[in-house]
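Below you will find the structure I want to go over with you.
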Amino acid sequence: MRYELWAPRYEAIRADFGYPFDGEERAAATLARVLPARAREDALGRLAVRLGGRDVVVVGLAPGAGPPPVWRLPPASPAPVVVAADGAARPCLEAGLVPGVIATDLDGPVPAEVEANGRGAMVVVHAHGDNAPAIERWVPEFPGELAGSWAGPPRGGLLDVGGFTDGDRAAYLAEEVGARRILLWGFDPGAIDEPDPGLRELKRRKLRWAVALLHDLAREGRSPLFWWRRDGSLVQLGNAERSTR
């Protein structure tokens, strides 16, 4: 999504949560400084090689979802590719699935993401207002292919094609580089595995935004988006959602 279309939506998100933009800028400066030079070059082109023209399975962490059953998908050429949203990298690896791409703000089990990166996953690290220390700590640990993103206008080799949480941002990246279809596995806005009431409400607010942004992407993007349900059905996002098998 063009930044000028995305920016007003992120301004609404910042207003809702009270995020100061100077924090975003500091984290982005940290990320641009610690990323290797090659990680700041042609990130969209490199993502297109991995995701363009393919079914992209974006994997979230809904309680009980587990890794996606990619073997259920009909044979296709090129084969489907998994994009893990942050902590979903770990259950994917545990199931023997190495994601093609990981979208992360480094607040999940980062060692699993480092492992996946060493096994061939491209990691897109996102800078936001309070993760500069994690960026300093973890980005130098990644041995493989990297890219960076942030919440402001693309600059210094950092992307911004839209998206707020790791999951919906992963879908925006896949759409931007021409995914054939985007299948959303492990997304359940009604299921929040968080015992602390305050954090649970914060997660609920973030998920409401994520779902709204995914519906925006379904209406405005080129790649069809589907909820991939645990019963195997695919429910297409759009003005009139419909279910298929």
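What follows is calculated from the coordinates using simple rules that are stated; it is not laboratory data. None of the values given here were measured: they were computed from a predicted structure. Quick reminder, even Gly has a Cβ in these numbers, built from the backbone with ideal geometry, and neighbours come from all protein chains shown.
Under a Cβ-only charge scheme (Lys and Arg +1, Asp and Glu -1), can you give me the dipole magnitude of the chain about the Cα centre, in debye to the nearest 20?
The dipole of the chain has a size of about 780 debye.
Which three extents, in whole angstrom, do the alpha-carbon atoms of the stretch 22-97 cover along their principal axes, largest first?
Result for the stretch 22-97: principal-axis Cα extents of 44, 31, 20 Å.
May I ask you to give the average projected area over all directions of the convex hull of the Cα atoms of the stretch 3-244, in nm² rounded to one decimal?
12.3 nm²
Sticking with this one: I'd like to compare 60-66, 209-215: which one has the highest average count of other Cβ atoms within 10 Å, and what's the full order after that?
Descending mean neighbour count gives 209-215, 60-66.
Based on alpha-carbon centroids, what's the gap between the stretch 140-160 and the stretch 1-58 in Å, whole number please?
What the calculation gives is 7 Å, centre to centre.
Still on this structure, please answer the following. Determine the dipole magnitude for the stretch 1-40: charges of +1 sit on the beta-carbon of Lys and Arg, -1 on that of Asp and Glu, nothing else is charged, the reference point is the Cα centre, and the result goes in debye to the nearest 20.
Rounded to the nearest 20 debye, it is 320 debye.
In a Gaussian network model over the chain where Cα atoms closer than 10 Å are linked, find which of PRO197, PRO68, PRO91 has the largest mean-square fluctuation.
PRO197
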